[in-house]
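Chemist: The structure's right below; bear with me while I get my questions together.
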Amino acid sequence: MFRRVRETAPAGLVPLAWLFAGAAHLELLAARPVLIGHLVMTALLVAFAALSHREMRTHPVLRAWLAVIVLGVGVTSLGTYGVASGRAPFAVLAVGGWMALPGLALGYTGRVLPAAEHARLYVVGAVLCGAGVVLLLADAVVPALVVAGVGQTLGILVATLEY
């Protein structure tokens with residue numbers, strides 16, 4: 001049962017994380033819940049990496065995603081520091097990192113997997129993540145969050161349904 005949760009939970013957690021980021025940006029959430037969210041996300045990433053690293057080392061695509069998870073701990077820590085200290089640039093850097101890292105892994109996944117495994121959809125997800133980074137740099141934060149969130153949700157849904 002735990003294995004099935006590990007395999008399917010990200011399909012709900014990824015879009016939830018982007019909705020959370022949007023709510024935080026729109027100031028629908030106070031700083032304390034956002035800080036708690038960062039701490040919970042960090043704990044989940046550490047737990048997932050610890051519990052999945054053996055299995056994820058067995059395939060090049062899974063290794064790429066393990067790298068995203070491990071590097072994501074650092075990216076999320078930047079966001080935690082930004083929220084806790086009130087230094088917004090660190091939070092923005094974390095958001096950009098969470099757009100870029102999965103975007104790179106989605107692009108890699110689309111390049112490595114055969115077409116029969118919906119490789120094209122991973123590439124679409126990667127392009128949307130890249131567009132999110134560009135929009136974030138242009139200070140179009142809400143569109144950036146939406147575009148990157150859609151791209152990453154597409155990727156995780158394809159992965160969850162495919163495997």
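Every read-out reported here was derived from the displayed coordinates using simple, explicitly stated rules and does not represent laboratory data. Quick caveat, the model's predicted, so the values are computed rather than measured. Here Cβ is always computed from backbone atoms with ideal geometry, including for glycine, and neighbour counts include all displayed protein chains.
Chemist: Which number comes out as Rg/Rh for the chain once both Rg and the Kirkwood Rh are worked out on C-alpha atoms?
Modeler: Ratio value, two decimals: 0.96.
Chemist: Give me P(r) over the range 86-163, computed from all C-alpha to C-alpha distances, binned every 10 Å, as integer percentages.
Modeler: Pair shares across the bins are 22, 48, 22, 7, 1.
Chemist: Enumerate by residue number the trypsin sites (Lys or Arg not before Pro) in the range 1-96 meeting two conditions: DSSP loop (anything except H, G, I, E, B), and at most 11 other Cβ atoms within 10 Å of the site's Cβ.
Modeler: Sparse-neighbourhood loop trypsin sites (Lys or Arg not before Pro): 57.
Chemist: If you take the charge dipole of the chain about its Cα centre, with +1 on Lys and Arg Cβ and -1 on Asp and Glu Cβ, which of 14, 129, 67 is farthest toward its positive end?
Modeler: Of the listed residues, the answer is 67.
Chemist: What area, in nm² and to one decimal, does the C-alpha convex hull of the range 23-73 cast on average over all directions?
Modeler: Computing the convex hull of the Cα atoms and averaging its projections yields 3.9 nm².
Chemist: In whole percent, what relative contact order does the chain give with Cα contacts below 8 Å and a gap of six or more residues?
Modeler: Dividing the mean separation by the residue count of the chain yields 22 percent.
Chemist: Still on this model: Could you give the angle, 0 to 90 degrees to the nearest 10, between helix 119-137's Cα long axis and the longest principal axis of the Cα atoms of the chain?
Modeler: 20
Chemist: Highest first, please rank the peptides 104-111, 45-52, 13-20 by the mean number of other Cβ atoms sitting within 10 Å of their residues.
Modeler: By packing density, highest mean first, the sequence is 104-111, 13-20, 45-52.
Chemist: Let me ask another. For the pair residue 111/residue 142, report the inter-label distance in nm, with labels modelled 7 Å from Cα in the Cβ direction.
Modeler: 3.5
Chemist: Could you tell me how many degrees, from 0 to 90 and to the nearest 10, lie between the Cα long axis of helix 2-25 and the main elongation axis, the longest principal axis, of the Cα atoms of the chain?
Modeler: 30
Chemist: Rounded to the nearest 20 debye, what is the charge dipole size of the chain about its Cα centre when +1 sits on each Lys and Arg Cβ and -1 on each Asp and Glu Cβ?
Modeler: 380
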